[in-house]
Each structure stands twice: as structure tokens, then as C-alpha cells.
1. Got at least one residue in the range 237-257 being part of a helix (DSSP H, G or I), touching an Asp or Glu at 6+ places or on another chain (Cβ under 8 Å) and hydrophobic (A, V, I, L, M, F, W, C)?
2. Could you tell me whether the range 32-45 includes any residue that is within 23 Å of residue 118 (Cα to Cα), in contact with an Asp or Glu (Cβ under 9 Å, 6 or more places away or on another chain) and surrounded by fewer than 16 Cβ atoms within 10 Å (Cβ to Cβ)?
3. What single numbered condition from (1) out of contact with any Leu (no Cβ under 8 Å at 6 or more places or on another chain); (2) under 20 Å from residue 84 (Cβ atoms); (3) not acidic (Asp, Glu) fails to hold for residue 200?
4. Considering every residue within the range 501-515, establish whether at least one is among the small types (Gly, Ala, Ser) and assigned to a loop (DSSP other than H, G, I, E, B).
5. For the range 34-67, enumerate the residues that are part of a loop (DSSP other than H, G, I, E, B) and hydroxyl-bearing (Ser, Thr, Tyr).
6. Tally time: how many residues in the range 449-462 are crowded, with 24+ Cβ neighbours inside 10 Å, assigned to a helix (DSSP H, G or I) and not hydroxyl-bearing (Ser, Thr, Tyr)?
7. Examine the range 281-299 for a residue that is outside any loop (DSSP other than H, G, I, E, B), in the same structural domain as residue 318 (by TED's automatic domain parsing), out of contact with any helix residue (DSSP H, G or I) (no Cβ under 9 Å at 6 or more places or on another chain) and more than 27 Å from residue 28 (Cβ to Cβ), and state whether such a residue exists.
Amino acid sequence: MSYEYRLPVVILLLVVGLGLFARTIYGRFLVLKAGKPETRWDLVENRVRALLEVGLGQAKMFKEPASGLLHALTFWGFVVLGARTTQLFVQGFSPDWPLPFIEPIYAPIKDFTAAIVLLSILGFFYRRLIVKPKRIAYSGEALLILGFIGGLMVTEFLFEGLHFGGMMATGNPEKIAYASEHVSHAPIGGFLANLFATSGIAPKTQEILGEVNYWIHLAIVLTFMNLLPLSKHFHVITSLPNVFLSKLEPKGALSFVPDIEKSLEEELPLGLSKTEDLSWKQILDLYTCTECGRCEVNCPAWTTGKPLNPKMIILDIRDHVYADQARIIAGGKSVATAQLAISGEVSAAEAEGAMPALIAAVNTDAIWSCTTCRSCSEQCPVMIEHVDKIIDIRRHLVMTRNEFPKEVGTTLKNIESKSNPWGMASGKRFDWAKDQNIPTLADTENPEYLFYVGCAGSFDDRAKEITLATAKILKAAGIRYAVMGKKEKCCGDPARRMGNEYLFQTMAQDNIDTWKEAGVTKIVSNCPHCYNTIKNEYKQLGASFEMVHHSELIPQLIADGRLNLSQGDAQKVVFHDSCYMGRHNDVYEQPREALKAIPGLELLEIERSEKMGMCCGAGGARMFMEEKIGDRINNVRVEQLLEAKPEIIASSCPFCMTMLSDGVGAADKKDSVKTKDIAELIADRLIMPPEPGQEEEVAAAE
């Protein structure tokens, strides 16, 4: 068969296919370009590592082993088969063009890879049509794409088998030798060629059928390529860049709003309310969503009946971006109409003060349901940041529209006037230390650590016990520390998570100025929220303190021999990971090391622990808001922890302690299950060193 006709047809297909693709991609690029600036070119070494591990290595996919393996094999298969796709297009210009130098090595790899991909696609069909996992919504588009991928594998095999099988069936020694040479290294292609050669099908018919499969293969490639940017499968193109450009360090820090005071004075819109408020990286996140639902099924709000669905937040914003693409590219402004807010349709006349289209379509109950636990981002296989967009919407509601739940207004007012979320008199902030001989900065020269107690540890009766236990440990270890006493102020975490960036920056700057003036360089805290804010977010204001959490410090003190623990009764303990220590700061092993060091204690684990752990429900300033919709998150979390049949549920966060204690009470388990902070468990077993001047008495007693 003469293949001269291939050249003009391939050129036509490439011109049309690549032209349409370039046009679509250019539009998507212009939208990205219109996004607000954001720096994502730092930490190159970390980005390359993330690209290799998460992008190419598909590490996050294996949190669900079966589906993760199928996806990884399909992805890796596409990477390997890229050379074969290139070869087939080049053969439109030069028939039977081999891959230079690597054909003998590549051919068997290509065949086995294509077979593995085909089996994976069959596995996906079985999963979607038979198993039907809860998080996977039925999608005709997804089935079409799977069909395309499977079709590429089938047409690859059929083209090679029929093309060379037809040559072998001619009986022509030269053609047989030529065909045999080309399929000698391709086990599946060679098998099919030999099968077709002896099938009795006329050689000409085989060549025609082979050519049909060749053109079907090329048509699928170009059609598939043009569908990608128009569908959820856009992630095939954007996932690797999104992983490379993802938020890496510090994960626990929300975005910083510069010149916040000036923006408020000039009444500029703040936060996220319309598409042009998005940064280019946030838009890239939207492009990259795979709609896999991992964020959805791991969200504590969604799984307890709240209206927050992290996946739908991303998809709703993405749909607005797509609908607004022409206007964004043209540099136009959002159309804000009351009719749009009500019906989703743009009316001719704009209504005064109506919400912009994007935020009008968002359920505000969903926005205020978020606990900022970062489970969504932790589970996302392409490293999308959901929380930053939710907090940006809160910022707009709070600072621009002055619209928020009643409890939010009360809490923000308390922080502003009393410097604590509960509205307790600031003069009572040091009452927890009454008769305890706790050193303060005012009367301690050059302490090694500032012990930042925090609002919960200062005012909450249950958290005060954790504060005293931590102070006891610091004393036992011989650490020179001091507290601020009545002069201590809120770190600003609740204000920032509620969306009041101005109040956060004000509180943070006051603390920074005070600590710098006092010569503070190292800070210890037993609150993960204070720890995360001071460690990761104060840097945005130009301050850098050496921050340590008591769950990090305690095991180090034990390892250094600075804490001695006594033998006690055998106890079974299960540990609940604080989101702000775990997913925000990757502190998982240290608190467990502290618990394992306690003589007689048996540490239990449950399935949903560490990175897969569930939030207690208090994060994102939810500690200060009523939970009126669905099941209580803390009750569900306690039920999970009780599956281990523990005698103690341990934590390292005062907010978690409140939520877990309430959950144990709701489960009617207070008599059989205790809730303890790791500091309390350690303090209960401490062998205290003798007070100065008592060394001789101790020695005589021994």
C-alpha cells in the first residue's frame, strides 16, 4: 500500500487539532495572566522534591491503594507511551519511521506498558460502573475519557498487528523479513502480527484495517487533547505545574494582606468576592481540580451534614471563572445584580449594593462551617489549597460587607476590647498562676524561653490545668522561663481565621513590638493555634521567633535526661492529632514519643490518625461559634477514638481538650474514659528534683 496520502492528511489534522488546542489554551492562559500576582518561584529544591514525589511519583494517590495504583499505572503509562505517540505522528511524514537507537529497548517496554494501561482502564470501568464509590459521581465525560484511553491502547495493538501481519501474509520474503524485524522486539505486537498473518484474512484487507486503526489512534489523540482544557481532565495538563508551584512552606500560614490599613481607609474591596480577586495560582488550582472527591469525603464538616463541600467550592468558583473568561480577558468588571444573586441569571439593570456574582453563588453557611483543618488539601492528589479561598471569602464578608454570624461579631469585639475571645477581663489573665510562684518577664532576667500561655490556657478552667502541668515540666527540667502575666495578649489566630485580617495584624504587631523590646527570642506554647500563628504567620510582619510546642519540647527533654518519670499503673491511651500541629506543621511523631516514654502506658492507634486524622471541630475559630447544622464534629471524632477501647484519650491542644471532653460526655463515657493533655500525663509521673537547699536532706533520706 502506498502511504503518500498520509502526509497531507496528517498535516491537516495537526493544523486543525493543534490550532484549536492552542486557541483554547491561550484563552486559559490569558485568564491566568489576569490573576493577581503571587510569588511561587522560591524554595526550588522543595518544589522539585514535591514534583518528583507527588507529581511524578503519585504519592498522594496511594492513600487509597486500589484506585491509587490504577491511576498511577495509567499516568506512568502515558509518560512511557508519549514516545510512541510521537512516533506515530512522525510516521505520517515518514512511514515506518523507527525510534532512533532505542527501538529494541523501547518496544517491549511500550507493549507491556500499553497492556497494563488497558487493564487499568478496565479496572476503572469496573470501579465506576459496578463498585460506584460514594465520592465518585457518575460522569459520562469520565467514561468517554476512559474509553478514549482504552481506545488508544487497542488501536495501537491492532495497528501494529494488522500492519505487519498483512506484510507477513503476502509471502513476499522481503516484506516478511522487514515486518519480522520491526516486531521482533515487541512481544504483544509480534504475537498479534503472527496471529493475523496466519488468520486467512487477505493481506490487503489487513493493511487497510491496520491503516484504519492508525487514523483512529491519531484522531483520538487530537480529540482527547482538545477535550482536556474543556473538562475536568484539564488536570492532565495542569497537575504537574500545579504541584511544582504549590504552597509548600509554611503550610499553616494564611496569605498576607499588605497595606491593610490603607485598603480599609480607602474602602477598597478586600478578600474574594469576584473572579478578578483571584490570584493566578488560585486560578491554576481551579483548572487542576480532578473532581475526585477525596477532599469531600475527608472533610469533617461535609461528613457531619454541614453544607460545606470543598470540592464544590472549587468547582463553583471555577465555573464562574469559565463563564467570566471573555470579560476577564477584556479587563471588564464583574456584573453585580440582585437578580443574579437570586436566580443565577444576569438582569439588564444592576441593583444597588448587590453581591458580585461569584460570592452570591456561595452558601455562606458553607463558608462558616470550615474548621480550616486542611484535610481537604492534605488529601488532594494535585495539592490544591481550599482553605485560602474560603478564608478570602470570609475576609470579604467581614471586612467589606460586615456580614457574619452573631458569634463572630461578639468574638471579634471581645478580642479587640479585652484581647481574648471570651471577653474576660484582661486583669484576670494571670489568675491561673495564683500561689504558684510562676516567674514573669518583669522579674526574670534573660529567661531562655517566654512561656506564651495563650487565651485558652489563661481563662478556660480546664485548659488552666494544662498550663500548670506545662509549667511544672519546665521547672522540673530546669528551664529558665518566664510568662508575660497580665500583659499577655491574644496571638490573633481567631481573628485571622474569622476573616478580620486588620485585627489580626494589629494584635500580632503589638505582640512583636513587646517581645522584641523585652529581648524575647525563644517561645514555648502548649496551644497549637498560638504556636502556628507565631511560628508561621508573624514572619509575614517581619518577625522571627524560635517557636516550640510543648509536644515537641517534652520528648526532647526526656531524651536529654532532663525529666525523670516514675512507674505507674498500666494504661491504654489513644492520641488525637491536633490539625494545627499535624497537617499544618507536620508534627506527628514527637507527641507519640512523649507518650511512649511514660512507663506502663500502652499507645493505641486508630485508622483515622496522623495525616488521615479527623478534626475535633474547634479550628478555624469554630471554637467560638455554635454548631447548629448536622451532627457535632467532636462527637463523631470521639466515636472514632473510642473504637480503640482506650482508658485515656490524649491530645496536645486546649481546644481539642474541650471538644474531646464534651464528646466523651455525650457518649456517656466520662466514668471509664479520661481526657488528658500529654503535659498532664507527663506531669503526673514526674519525679521532681529537690528544691535549692534541699539536696542534703534528700541525700540523707536516701
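The values are calculated or read from the model by the stated rules, or taken from the named source; none is laboratory data. Quick caveat, the model's predicted, so the values are computed rather than measured. Backbone-built Cβ (ideal geometry, glycine too); neighbour counts: all protein chains shown.
1. Scanning the range 237-257, I find no residue that is part of a helix (DSSP H, G or I), touching an Asp or Glu at 6+ places or on another chain (Cβ under 8 Å) and hydrophobic (A, V, I, L, M, F, W, C), so the answer is no.
2. No, the range 32-45 has no match at all.
3. Among (1) out of contact with any Leu (no Cβ under 8 Å at 6 or more places or on another chain); (2) under 20 Å from residue 84 (Cβ atoms); (3) not acidic (Asp, Glu), residue 200 violates only (2).
4. No; the residues of the range 501-515 include none that is among the small types (Gly, Ala, Ser) and assigned to a loop (DSSP other than H, G, I, E, B).
5. Within the range 34-67, just 39 meets the criteria.
6. Number of matching residues: 4.
7. Checking the range 281-299: not a single residue is outside any loop (DSSP other than H, G, I, E, B), in the same structural domain as residue 318 (by TED's automatic domain parsing), out of contact with any helix residue (DSSP H, G or I) (no Cβ under 9 Å at 6 or more places or on another chain) and more than 27 Å from residue 28 (Cβ to Cβ).
Let's see how each residue does on (1) more than 27 Å from residue 268 (Cβ to Cβ); (2) touching a residue at least 60 places away in the same chain (Cβ under 8 Å); (3) within 32 Å of the chain's Cα centre (by Cα):
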{"residue": "392", "(1), (2), (3)": "no, yes, yes"}
{"residue": "403", "(1), (2), (3)": "no, no, yes"}
{"residue": "408", "(1), (2), (3)": "no, yes, yes"}
{"residue": "426", "(1), (2), (3)": "yes, yes, no"}
{"residue": "429", "(1), (2), (3)": "yes, no, no"}
{"residue": "432", "(1), (2), (3)": "yes, no, no"}
